Amino acid sequence: MVKCTAPTFPRSNRLPDQPDRSTGVATTLPPVTEDLAAPVEAAPTSRPRPRTLDPLELGFTPRPPVPWLAPLLLLSTGLRTLLAILFGAYLDKRELQNALPGNVHKVTGTGEEVWLDYVADLGDGFNATYSVAYLLAQRELDVDGHRLPRGDILVMGGDQVYPTASGAAYEDRCKGPYQAALPCPPESGPRPTLFAIAGNHDWYDGLTAFLRLFARRKDGAIGGWQTAQHRSYFATELPGDWWLYGIDEQFGAYLDDPQLIYFEQAATQLRPHHRVILVVPAPTWVKAVDNPESYDAVDYFIRTVVAPTGAQVRLIVAGDLHHYARYEGADRQLVTCGGGGAYLYPTHKLPGEITVPPPDTKARRASRSRPYRLAGCYPSEARSSRYGWGIFQRLPFRNPGFSVMLGILHSMMMLAMTGVAYRSGALEERIFSIPLALVLLLVMAGAILFAKPPAAGGKRSTRHWLLGMAHGFTHIGLGAAGTWVWLQVPFVDWPWPMPVVAALVVYGPIMGFVASELVAAYLVTAGAMGVNLNELFAGQGIEDSKAFLRLHVGADRTVTIYPVAVDRICRSWRPNPDAPADASWLEPNEDLRVRLAEEPITITP
């Protein structure tokens, strides 16, 4: 039997440019390079292969997809987002990472080439997350005639957990599924290495759980993948004069000084003939279309850290938007690939052409702006547009709590309107009456905020106000129509409090469903105008159309990108208890087919 192993890594005493505590004077040290191809000491683990899907045997609980429009989840996630943004500067653990080792890594791969996998936005429902993890863990994939071996490196590009970070959430939604996919190191060949950067959801607890999982200095591993980094960012030397840099932007705010010092020291090894693959948390080149300042941190990094060495950043990869999209420029590819497990995000509203950096940025020393065109996306724009119409079917059934909330709100509005239109003078009705003005204000405020949630990026424009108010008035009109119908039935004449009971039991469920369909119609209309696109697709929770990247750094120094698409995930699994130790614990009961989202992309040095 093959033993599962956990690696140990050498520790450096202090960071480059870290003040010597004995003298208080900053010293400049060459970056410590850690060769990850070197053999590591191992300790066996005793967890047996599971024979059922019982969480006690798996060691984690497979979770369903996050119901993103659930009222309590919306409230809690919104509060966590607000707190993280407001207090992020005070609780920024990147400054504390100055005390952790600042090693620069090296992965030699096989001979003069290396394979690299990239996945992002992966910590959602088990079926989608494990479908992608299972494919990543296989020794080799045959994709449209291309034989693609498993990556020597796996890069997780952010949002490894949803909806908010915690130890339990990481265990069930990230670590557990990936450990089940590759439980032990391969029986032959080098052990694959795992690097990760933090997305906004990883930051909601101040990065505590992320660092515990991915930046452990001892026994760091997720199944057969060994973790190597000691911070929330990393620099790795690859064969063929390529480097892999992963940065931590912390909600796109700024790059902290210890991080910049780390990369400046790593960049002392760069030469003009070197090329860099840069991994960032979000596709700020797309977000800069609406918010020009979004790209400033990435541009600052390239301009001040990489460019002075003469090296070039030829590829930037990001997640955050849950689809695949590639923008092509004269000397750089900008790739979004957030298809690791989270709900699908649309592609049919992506701009066909962008300018990076945006010409209207306020950065004083921005790089020269260059044009980029949308060269490929998955799913296709036509399919993405068709997905949008599925909101009518999926919204009420994928988000029952949202329909219940709408039913309660419309019941309150109907009772308030009934109180104005039908007064019996009973003391009980006066005591339990609902102020109509307050309910109408609540409806309008909710509709306007829904059009542009406080946590969403960018500024509120005229179209957000107009769409929000139109949405609110439509709900008020629906409430008036429902009140008129209610006044035609005998419930209103029943003794108190039977009218209220009848409203909650009869009126509420019916209006909850009708109001959900009204919200669906609003989302389709708003989505056509580029508003509430996230809510249009989050409300559907589409698990299919997933994607990840498999990259090959060849002996000729070229990098080939294979965007792997999964049109339909697997929803039924069976245990595989008698397989070899490094085989996946669970096998698909359905065909799990893959194909290329577009033809391979070759980047010459």
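The values are calculated or read from the model by the stated rules, or taken from the named source; none is laboratory data. What you see is a predicted model, and the numbers here were worked out from it, not measured in a lab. When we count neighbours, we look across all protein chains shown, and the Cβ atoms used for this are built from the backbone with ideal geometry, even at glycine. Quick note on the areas: whole protein, heavy atoms, side chains included, nothing else; ligands and nucleic acids left out. Shrake-Rupley method; radii C 1.70, N 1.55, O 1.52, S 1.80 Å.
When the dipole is taken about the Cα centre of region 266-393, and only Lys, Arg (+1) and Asp, Glu (-1) are charged at their Cβ, what size is it in debye, to the nearest 20? Could the numbers behind the result be given before it?
Numbers: 16 positive and 10 negative charges, 67 e Å.
Roughly 320 debye for region 266-393.
Calculate, for region 155-271, the solvent-accessible area per residue in square angstrom, rolling a 1.4 angstrom probe over the heavy atoms of the protein chains.
On the way: 2760 Å² over 117 residues.
Accessible area per residue: 24 Å².
Carbon-plus-sulfur fraction of the accessible area of region 119-209, 1.4 Å probe, in percent?
Numbers: 890 of 2060 Å².
Accessible surface attributable to carbon and sulfur in region 119-209 totals 43 percent.
Suppose the chain between Arg595 and Ala579 were pulled fully straight at 0.36 nm per residue; how much longer would it get relative to their current alpha carbon spacing?
On the way: separation 16, 0.36 × 16 = 5.76 nm, distance 2.64 nm.
Between Arg595 and Ala579, full extension yields an extra 3.1 nm.
Per residue, how large is the accessible surface of region 553-605? Use a 1.4 angstrom probe and give square angstrom.
Numbers: 2300 Å² over 53 residues.
It amounts to 43 Å² per residue over region 553-605.
Put +1 on the Cβ of every Lys and Arg and -1 on every Asp and Glu Cβ in region 228-319; which of Ala266, Pro239, Val317 then has its Cα farthest towards the positive end of the dipole?
Pro239
How far apart, in nm, are the 7 Å Cα→Cβ label points at Glu353 and Ser166?
So the two model labels end up 4.9 nm from each other.
Could you let me know the centre-to-centre spacing of region 380-403 and region 270-286, using Cα atoms, in angstrom?
35
Only loop residues by DSSP count here, and only those with at most 14 other Cβ atoms within 10 Å; note down the trypsin sites (Lys or Arg not before Pro) in region 524-605 that meet that.
Values: sites: Lys546, Arg550, Arg557, Arg568, Arg571, Arg593, Arg595; in loops: Arg557, Arg568, Arg571, Arg593.
Those satisfying the criteria are Arg568, Arg593.
Testing the spin-label approximation: label points 7 Å from Cα along Cα→Cβ at Arg51 and Thr602. State their distance in nm.
Each label point lies 7 Å from its Cα, and together they span 5.3 nm.
Just the number please: accessible area per residue for region 445-543, 1.4 Å probe, all protein chains included, in Å². Present the calculation step by step, with values, prior to reporting the outcome.
Working: 4490 Å² over 99 residues.
For region 445-543, the solvent-accessible area averages 45 Å² per residue.
Express the relative contact order of region 95-150 as a whole percentage, based on alpha carbon pairs under 8 Å and six or more residues apart in sequence. The partial results should precede the final answer.
Details: 24 pairs, mean separation 13.2, N = 56.
Value for region 95-150: 24 percent.
Using a 7 Å offset from Cα along Cα-Cβ at Ser76, what residues in region 150-184 end up with backbone N under 16 Å from the label point?
161-173
Place a +1 charge on the Cβ of each Lys and Arg in region 186-330 and a -1 charge on the Cβ of each Asp and Glu, then give the dipole magnitude about the Cα centre in debye, rounded to the nearest 20.
Working: 12 positive and 17 negative charges, 103 e Å.
Using Cβ point charges on Lys, Arg, Asp and Glu, region 186-330 gives about 500 debye.
Among Pro490, Gly527, Gly479, pick out the residue whose Cα is farthest towards the positive end of the charge dipole of region 475-564, where Lys and Arg carry +1 and Asp and Glu carry -1 on C-beta, about the Cα centre.
Gly527
Quote to one decimal, in nm, the extra length available between Asp331 and Arg147 on full extension: 0.36 nm per residue of separation minus the C-alpha distance between them. Kindly include the intermediate steps, with their values, before the conclusion.
Details: separation 184, 0.36 × 184 = 66.24 nm, distance 2.75 nm.
Taking Asp331 through Arg147 to full extension adds about 63.5 nm, to one decimal.
What is the sum of charges, Lys and Arg at +1 and Asp and Glu at -1, for the other residues whose Cβ falls under 12 Å from the Cβ of Val280? Don't jump to the answer; show the numbers that get you there.
Numbers: positive: Lys287; negative: Asp248, Glu249, Asp299, Asp320.
Net local charge, Val280 excluded: -3.
Could you work out how far the C-alpha centroid of region 514-560 sits from that of region 191-230, in angstrom?
A separation of 26 Å, based on Cα centres.
Provide the solvent-accessible area of Val289, counting protein heavy atoms only and rolling a 1.4 Å probe, rounded to the nearest 10 Å².
80
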